[in-house]
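One structure below.
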Amino acid sequence: MAAYDLTPRVAPNLDRHLVFPMLEFLQERQLYPDEEILKAKIELLSQTNMVDYAMDIHKSLYHTEDVPQDMVERRAEVVARLKSLEEAAAPLVTFLQNPSAFQELRADRSYNLQMLNDRYQIGPDQIEALYQYAKFQFECGNYSGAADYLYQYRALCTNSERSLSALWGKLAAEILMQNWDIALEELNRLKEIVDSKNFSSPLNQVQSRIWLMNWSLFIFFNNENGRTQIIDLFNQDKYLNAIQTSAPHLLRYLATAFIVNKRRRPQFKDFIRVVQQEQHSFKDPITEFLACVYVNYDFDGAQKKMRECEEVILNDPFLGKRVEEGNFSTVPLRDEFLENARLFIFETYCRIHRRIDMGVLAEKLNLNYEDAERWIVNLIRTSKLEAKIDSKLGTVVIEPNNPNVYEQLIDHTKALSGRTHKLVTQVLEHTQAQPAR
C-alpha cells in the first residue's frame, strides 16, 4: 500500500521536525524497508541540531559503535553555539524567570520595552537573542523550552514578520509535545493572521494556507471535535480553492471527515461535486469510493474501494491512530469509516431499488448474510429508514419515502443563507482591503 502513502506530498509542507512522527509511524507499520526509513531520518537530522539522535540512528543503521568524525565535530559546534546563545539571552531569561519582576510587564508592548531598557538594561539585542535561543532549542529537540521562550518572545516582539515566524515555531512545538488543545488555539491564531495579513503575493497567502492545513492534520485527528473542525476549515472557499489548485492530496482527509461525520450532510452534496471535478487529477481510494457511490452509482466498484480504504486508513499516519485496549489494539477511525461507508452504500442503493435481495446486499456491504441481516435490522430500529425484511423471500422491501416539501424549502433556504453570508464576507473583505492599497 506504499502507492497510497501521502508522506511524499505532505512532508514538503511541514517543518522537518514534524516529519519525524510520520516516519516513526511508517517504520512501525513496515510500509518501507527499515534501512530506507533510517536513512531518511539521518538525512532529516543532518539539517537540525539533534546530533545525539543522529548518532544513535547511525549506529543502528550500520551496526557499529563508531560515528563519523563530521558528526563528532558537529556536536562540538552545537554545544558551543548553544552556550553562546544561552549567555546572550541570559539577562532576559533571568528576568522572565523572576515572578516578581515578570509581574511588572503590562499589556502595553511599548511600555514593556521601555521599562526593560530603563530598569534592567535589556534592549533589542537581548530580545533578539531570546528568539535565536528559542529557535536553537527547537532545533535541538527541546520543544518544551522552545515553546515557552517563543511565547515570551511574542509578548515583546514588535516585528510582525518575526512574531509570525515565532508563532509557527510554537505551533510546531505544541504539536510535537502532543498538547492538542494548546496547539488548536495556536492554529486558530495563525489562521486569523494568515487570512487578514497583506501578503506581497497572493501565491504566498495560498502557500501559507496549504502549510496551515497540512500542519492541522496532526491536531484535527487527535482532537475530540477535530472531524468537525477540519470540515469547518478545509471546506471554506479560500481553503478549498487552495486544495484544488495546489494540494489535492488533502481531499483524502476532508473526504474521511465527511464520511465519519453524519452531522455535516448539508455540505456533503457540494463536496461530492468537488470530488467529481477532481477525480481525474487526484486518485485516492477514499475519494474514489465516494465517486463510485454518489457519482457513478457503481456499487461493485464501491465494494472494492471499501477494502482499499481500510488498508489506506491503517497505513496513514493521521488516520491510522491506534488505541490500546488490554491486549488488543484497535483503529477507531477505521471502524467508524467502514460502518458509515456501508450506510452510504445502503442508503444510495435503497434510493434506486424498491426490493433488494439480502444476498446481493450482503455482498455489496462486504458482510456475510447473517451479519448483513443483523446490521439492517439494527439500522431499521435506530434510524428513520422505512423498510422491512421479508424473511421468506430473503429480501429487504423499501417503503416509498416521498420528500416533504416544507423540509426541502427549509434546506434550500439554509443553503441560500450560507451563500449570502459568504458573499457579504467577501464584499466586506474587498472593501477593507482597498484603503490599505
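The values are calculated or read from the model by the stated rules, or taken from the named source; none is laboratory data. Treat the numbers as computed from the prediction; the structure is a model and nothing was measured. FYI the Cβ positions are ideal-geometry reconstructions off the backbone, even for glycines, and counts take in every protein chain you see. Just so you know, the surface numbers come from the protein's heavy atoms only, side chains and all, with ligands and any DNA or RNA stripped out. Shrake-Rupley method; radii C 1.70, N 1.55, O 1.52, S 1.80 Å.
Can you work out which of the residues in segment 187-228 that are among the small types (Gly, Ala, Ser) and over 16 Å from the mean Cα position of the chain (by Cα) is most open to solvent (accessible area, probe 1.4 Å)? Show your work before the answer.
As a first pass, look at segment 187-228 and keep what is among the small types (Gly, Ala, Ser): 196, 200-201, 208, 216, 226.
Among the residues that remain, those that are also over 16 Å from the mean Cα position of the chain (by Cα) are: 196, 200-201.
On the way: 196: 86, 200: 113, 201: 34 Å².
Restricting to residues being among the small types (Gly, Ala, Ser) and over 16 Å from the mean Cα position of the chain (by Cα), the top hit is 200.
Starting from residues that are farther than 24 Å from residue 282 by Cα and free of Cβ contacts under 8 Å to residues at least 60 places away in the same chain, keep the ones in segment 22-36 and report whichever is most open to solvent (accessible area, probe 1.4 Å).
It comes out as 30.
So, in segment 243-283, exactly how many residues are touching a His at 6+ places or on another chain (Cβ under 9 Å) and surrounded by fewer than 22 Cβ atoms within 10 Å (Cβ to Cβ)?
From segment 243-283, those touching a His at 6+ places or on another chain (Cβ under 9 Å) are 243, 282; that's our starting set.
Applying the additional criterion that residues be surrounded by fewer than 22 Cβ atoms within 10 Å (Cβ to Cβ) yields 282.
Adding up the residues that qualify gives 1.
In segment 306-343, what residues are basic (Lys, Arg), out of contact with any Gly (no Cβ under 9 Å at 6 or more places or on another chain), touching a residue at least 24 places away in the same chain (Cβ under 8 Å) and farther than 17 Å from residue 363 by Cβ?
Here is the first cut: in segment 306-343, the residues basic (Lys, Arg) are 307, 321-322, 334, 342.
Next cut, out of contact with any Gly (no Cβ under 9 Å at 6 or more places or on another chain) only: 307, 321-322, 342.
Right, trim to touching a residue at least 24 places away in the same chain (Cβ under 8 Å) and you get 307, 321, 342.
Across segment 306-343, the qualifying residue is only 321.
Results for (1) among the hydrophobic types (A, V, I, L, M, F, W, C); (2) free of Cβ contacts under 8 Å to residues at least 24 places away in the same chain; (3) within 22 Å of residue 211 (Cβ to Cβ), shown as yes or no for each residue.
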residue	(1), (2), (3)
11	yes, yes, yes
20	yes, no, yes
40	yes, yes, yes
53	no, no, no
57	yes, yes, no
61	yes, no, no
67	yes, yes, no
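Quick check, is residue 143 touching an Asp or Glu at 6+ places or on another chain (Cβ under 9 Å) and open to solvent by 20 Å² or more (accessible area, probe 1.4 Å)? I'd like the intermediate steps shown before the answer.
Details: touching an Asp or Glu at 6+ places or on another chain (Cβ under 9 Å): yes; open to solvent by 20 Å² or more (accessible area, probe 1.4 Å): yes.
In short, yes.
Regarding segment 170-180, can at least one residue be identified that is among the aliphatic types (A, V, I, L, M), touching a residue at least 12 places away in the same chain (Cβ under 8 Å) and either in contact with a His (Cβ under 8 Å, 6 or more places away or on another chain) or open to solvent by 80 Å² or more (accessible area, probe 1.4 Å) (or both)? Spell out the reasoning first.
Step one: filter segment 170-180 for residues among the aliphatic types (A, V, I, L, M), giving 171-173, 175-177.
The next check asks that each one be touching a residue at least 12 places away in the same chain (Cβ under 8 Å); those that pass are 171-173, 175-177.
Next, from what is left, pick out any that are either in contact with a His (Cβ under 8 Å, 6 or more places away or on another chain) or open to solvent by 80 Å² or more (accessible area, probe 1.4 Å) (or both): 172, 176.
The answer is yes, given that some residue of segment 170-180 is among the aliphatic types (A, V, I, L, M), touching a residue at least 12 places away in the same chain (Cβ under 8 Å) and either in contact with a His (Cβ under 8 Å, 6 or more places away or on another chain) or open to solvent by 80 Å² or more (accessible area, probe 1.4 Å) (or both).
Have a look at 52, 66 and point out the one that is of a type in the set (Asp, Glu) and open to solvent by less than 90 Å² (accessible area, probe 1.4 Å).
Details: 66 fails: open to solvent by less than 90 Å² (accessible area, probe 1.4 Å).
That would be 52, the only listed residue that is of a type in the set (Asp, Glu) and open to solvent by less than 90 Å² (accessible area, probe 1.4 Å).
Do the conditions hold for residue 349, that is, is it among the hydroxyl-bearing types (Ser, Thr, Tyr), part of a loop (DSSP other than H, G, I, E, B) and within 26 Å of residue 386 (Cα to Cα)? Even if it seems obvious, please write down each step before you answer.
On the way: among the hydroxyl-bearing types (Ser, Thr, Tyr): yes; part of a loop (DSSP other than H, G, I, E, B): no; within 26 Å of residue 386 (Cα to Cα): yes.
The answer is no for residue 349.
If the Cβ limit is 9 Å and pairs must be 6+ apart or interchain, which residue in segment 185-200 that is free of Cβ contacts under 8 Å to residues at least 24 places away in the same chain pairs with which residue that is of a type in the set (Lys, Arg) and open to solvent by less than 50 Å² (accessible area, probe 1.4 Å)?
So the pair list comes out as 186/170; 194/209.
May I ask you to say which residue of 361, 338, 343, 319 is in a helix (DSSP H, G or I), under 21 Å from the mean Cα position of the chain (by Cα) and either over 22 Å from residue 276 (Cβ atoms) or not hydroxyl-bearing (Ser, Thr, Tyr) (or both)?
On the way: 361 fails: under 21 Å from the mean Cα position of the chain (by Cα); 343 fails: under 21 Å from the mean Cα position of the chain (by Cα); 319 fails: in a helix (DSSP H, G or I).
Being in a helix (DSSP H, G or I), under 21 Å from the mean Cα position of the chain (by Cα) and either over 22 Å from residue 276 (Cβ atoms) or not hydroxyl-bearing (Ser, Thr, Tyr) (or both) holds for just one of 361, 338, 343, 319, which is 338.
Among the residues of segment 76-89, how many are of a type in the set (Gly, Ala, Ser) and either within 15 Å of residue 153 (Cβ to Cβ) or not in a helix (DSSP H, G or I) (or both)?
Narrowing segment 76-89 to residues of a type in the set (Gly, Ala, Ser): 76, 80, 84, 88-89.
Now drop any that are not either within 15 Å of residue 153 (Cβ to Cβ) or not in a helix (DSSP H, G or I) (or both), which leaves 88-89.
Count: 2.
Tally time: how many residues in segment 284-304 are open to solvent by 80 Å² or more (accessible area, probe 1.4 Å) and within 26 Å of residue 2 (Cβ to Cβ)?
Going residue by residue through segment 284-304, those that are open to solvent by 80 Å² or more (accessible area, probe 1.4 Å) are 296-297, 304.
If we keep only those that are within 26 Å of residue 2 (Cβ to Cβ) as well, we get 304.
The qualifying residues number 1.
Residue-by-condition table, conditions (1) in contact with a helix residue (DSSP H, G or I) (Cβ under 9 Å, 6 or more places away or on another chain); (2) among the basic types (Lys, Arg); (3) farther than 23 Å from residue 292 by Cα:
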| position | (1), (2), (3) |
| --- | --- |
| 242 | yes, no, yes |
| 248 | yes, no, no |
| 255 | yes, no, no |
| 269 | yes, yes, no |
| 274 | yes, no, no |
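List every residue pair whose Cβ atoms sit under 7 Å apart, with the two residues 6 or more apart in sequence or on different chains, where the first one lies in segment 273-284 and is more than 12 Å from residue 250 (Cα to Cα) and the second, anywhere, is open to solvent by less than 80 Å² (accessible area, probe 1.4 Å) and assigned to a loop (DSSP other than H, G, I, E, B).
What qualifies is 276/295.
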